[in-house]
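K.L.:
Have a look at this one before I ask anything.
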Amino acid sequence: MTDEIFRGMQEFQQYAEKLQQLMTDMQDQVPQHATGEDAQGAVTVTLGPDRLPESIKVASDWQRRQPPENLGPAVVDAYSSAMSEQMEGWARTLEQSGWEERAAELEGMPDVPGSGAGPVAPPEVPRQDRDPVRPRPMEDVVEDTLSGLDALDGLDVDSFRAPEVRGEAAARRVVIGLTAHSLVSCDVDPQWAAQQSSVRLSQALNEALSHARAKLEDVRSPGAAQIADLNPQGLMNEFLAILNDPQRLL
């Protein structure tokens, strides 16, 4: 019976590790940079690997391409175009990487825990994770886990909605709104913009972008904050360390 328990735990651990590796490998396939323009070519946005804008450039003849009141929306359109380019590049890379075959291999792994024959060793924890972990008593780890799950049970979808931050430049004539995942707005004073060169507009847009990105480092959704406070990785490391010491389970 004990062998069956350990075998099931080992199979589940192997499944979790392979799934995590697959997700990491897929994330690593996201193109590091992508560029997009609005439909009229007035604005060019370049994305970084975090899928947020890294830079914004206004064309020298932007007023021939867009009226001043459309400059802010053109930035958002250029961002959307860059996002589409990045996602299409990601899809092409994933298709070549064989991720679907790897995912299919995982589908049946945990279906029949402990189906093998003979004694089995306890699940092995990677040494870099096991050595520094000194797990607390099993009952304490379980209690913290259950308490955390109870706390999360009260959270809804809105609790995980990414908060928006706003960066400003040119005496608030340029305002950019970001979340941790996307550019959500760009407002440019049209009367001010009409008097500016493309160089000055690009400078102001990138200044507002830089301010907004800096603010993102200090904000997170209530749900994300609560999960971080629970330290799920620490609890998982304790569980894995406990599994390597069968006496703790007796």
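The values are calculated or read from the model by the stated rules, or taken from the named source; none is laboratory data. Remember, predicted model here, so these are calculated numbers, not experimental data. Neighbour counts are summed over all protein chains in view; Cβ atoms, including those assigned to glycine, are modelled from backbone coordinates with ideal geometry. In case anyone asks, the SASA skips ligands and DNA or RNA and just uses the protein heavy atoms, side chains included. Shrake-Rupley method; radii C 1.70, N 1.55, O 1.52, S 1.80 Å.
K.L.:
Please enumerate the residues belonging to region 33-44 that are without any contact (Cβ under 8 Å) to a residue 40 or more places away in the chain, in a strand (DSSP E or B) and of a type in the set (A, V, I, L, M, F, W, C).
P.N.:
Val43 - this is the single residue of region 33-44 that is without any contact (Cβ under 8 Å) to a residue 40 or more places away in the chain, in a strand (DSSP E or B) and of a type in the set (A, V, I, L, M, F, W, C).
K.L.:
Restricted to region 50-74, and to residues that are within 22 Å of Leu216 (Cβ to Cβ), not β-branched (Val, Ile, Thr) and not in a helix (DSSP H, G or I), which residue is most open to solvent (accessible area, probe 1.4 Å)?
P.N.:
Per the stated criteria, the residue is Lys57.
K.L.:
Just need a number here: residues in region 169-206 that are without any contact (Cβ under 8 Å) to a residue 40 or more places away in the chain, in a helix (DSSP H, G or I) and crowded, with 16+ Cβ neighbours inside 10 Å.
P.N.:
Residues flagged as without any contact (Cβ under 8 Å) to a residue 40 or more places away in the chain, in a helix (DSSP H, G or I) and crowded, with 16+ Cβ neighbours inside 10 Å within region 169-206 amount to 3.
K.L.:
Tell me whether region 142-163 contains one or more residues that are among the charged types (D, E, K, R), open to solvent by less than 80 Å² (accessible area, probe 1.4 Å) and at pLDDT 95 or above. Can you show your working first?
P.N.:
Pass one, region 142-163, residues among the charged types (D, E, K, R): 143-144, 150, 153, 156, 158, 161.
Narrowing further to those that are open to solvent by less than 80 Å² (accessible area, probe 1.4 Å): 144.
In the following step, the residues that additionally are at pLDDT 95 or above were identified as none.
No, every residue in region 142-163 fails to be among the charged types (D, E, K, R), open to solvent by less than 80 Å² (accessible area, probe 1.4 Å) and at pLDDT 95 or above.
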